[in-house]
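The block underneath contains the structure these notes are about, expressed in structure tokens.
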Amino acid sequence: MMIMREMTINDHESLLELFSNTPGVTVREADSREATKSYLLRNPGLNYVALDGERIIGCVMCGHDGRRGYLQHLVVNEQYRKSGIGHSLFKKCINSLEKIGIAKTHIFVFKNNDLANTFWSNRGWKLREDLNMYSYNASSNSNA
Ligand SMILES: CC(C)(COP(=O)(O)OP(=O)(O)OC[C@H]1O[C@@H](n2cnc3c(N)ncnc32)[C@H](O)[C@@H]1OP(=O)(O)O)[C@@H](O)C(=O)NCCC(=O)NCCS
């Protein structure tokens with residue numbers, strides 16, 4: 001039976017395994033154990049895992065800046081897809097954000113990630129064609 005619960009730092013190793021085995025997901029320095037620990041501390045009640053028994057088969061990470069929500073790493077193991085797990089995971093984030101007064105949420109999706117782009121547009125998320133995203137990297141690591 002599939003259950004969902006809040007993510008903890010003890011899930012980190014299993015999450016890295018899930019990310020590494022999922023085409024389309026890039027593991028970066030920002031996914032280190034330390035960085036994940038501080039992200040979870042900063043964003044309580046917004047990060048979830050889906051489990052089949054003890055096994056993590058999906059996850060979603062979410063944070064906010066006090067004004068907007070930001071989703072990242074919505075990932076479902078390929079064997080468990082197309083049964084609503086992805087939808088249930090991100091809805092938990094949206095519901096939690098609403099409870100703290102945040103109505104609008106963004107997600108950044110690579111243009112070539114057809115699966116994800118179809119997923120979000122079919123869920124009613126609006127593709128922003130009116131803005132460009134610029135990133136600055138203060139780290140010497142290009143994969144920060
Ligand atoms: C995107 C992703 C998280 C979706 O996870 P998922 O668990 O398959 O999501 P859902 O089951 O909620 O929905 C997926 C599709 O299955 C369909 N579906 C849901 N339940 C279904 C059911 N019982 N029977 C048939 N189809 C079903 C949904 O309608 C949806 O179809 P659509 O995308 O054509 O609209 C998953 O494909 C994934 O991990 N992709 C790789 C990682 C990635 O790129 N993540 C996004 C980064 S932004």
Past the 23 angstrom mark, what percentage of all C-alpha to C-alpha distances in the range 39-124 do you count?
21
Solvent-accessible ranking of 29, 54, 98, largest area first, probe 1.4 Å:
54, 98, 29
Karplus (6.51, -1.76, 1.60) ³J(HN,Hα), θ = phi - 60°, over the range 41-47, in Hz, Gly and Pro reported as x
5, 6, 10, x, x, 10, 10
Residue-span extension gain [residue 26 to residue 128] - 0.36 nm each, minus C-alpha spacing:
34.5 nm
Dipole of the chain [Lys/Arg +1, Asp/Glu -1 at C-beta], most positive-end residue of 79, 51, 122
122
Calculated from backbone phi, Karplus (6.51, -1.76, 1.60) coupling profile of the range 25-35 in Hz, x at Gly/Pro
10, 9, 8, 10, 4, 5, 9, 5, 4, 4, 5
Largest-first principal axis extents, alpha carbons of the chain, Å:
42, 37, 33
Please work through the chain and write down the cysteines that have no neighbouring cysteine Cβ at a distance under 4.7 Å.
59
Counting only DSSP beta bridges with both partners in the range 2-122, the antiparallel fraction in percent, to the nearest 5, comes to 85
Stretch residue 95-residue 41 to full length: gain in nm at 0.36 nm per residue minus the Cα-Cα span?
17.6 nm
Figure the gain on full extension for residue 13 and residue 113 (residue separation times 0.36 nm, minus the Cα-Cα span) and round it to one decimal in nm.
33.5 nm
Count of lysine pairs, the chain, Cα-Cα under 21 Å, sep. 8 or more residues or interchain, comes to 10
So, taking all protein chains as they sit and a 1.4 Å probe, how much accessible area belongs to residue 102, in Å² rounded to tens?
10
Rg/Rh for the range 81-144, where both radii come from Cα atoms and Rh is the Kirkwood radius:
1.03
Using only helices, what value at 222 nm comes out for the chain when you add -39,500 (n - 2.57) per DSSP H run of length 4 or more and divide by the total residues, to the nearest 500 deg cm²/dmol?
-9000 deg cm²/dmol
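The values are calculated or read from the model by the stated rules, or taken from the named source; none is laboratory data. If you're wondering where the values come from, they're calculated on a predicted model, not measured in any experiment. Positions of Cβ are generated from backbone atoms using ideal geometry, with glycine treated the same way; all protein chains shown enter the neighbour counts. For accessibility, only protein heavy atoms count, side chains too; no ligands or nucleic acids. Shrake-Rupley method; radii C 1.70, N 1.55, O 1.52, S 1.80 Å.
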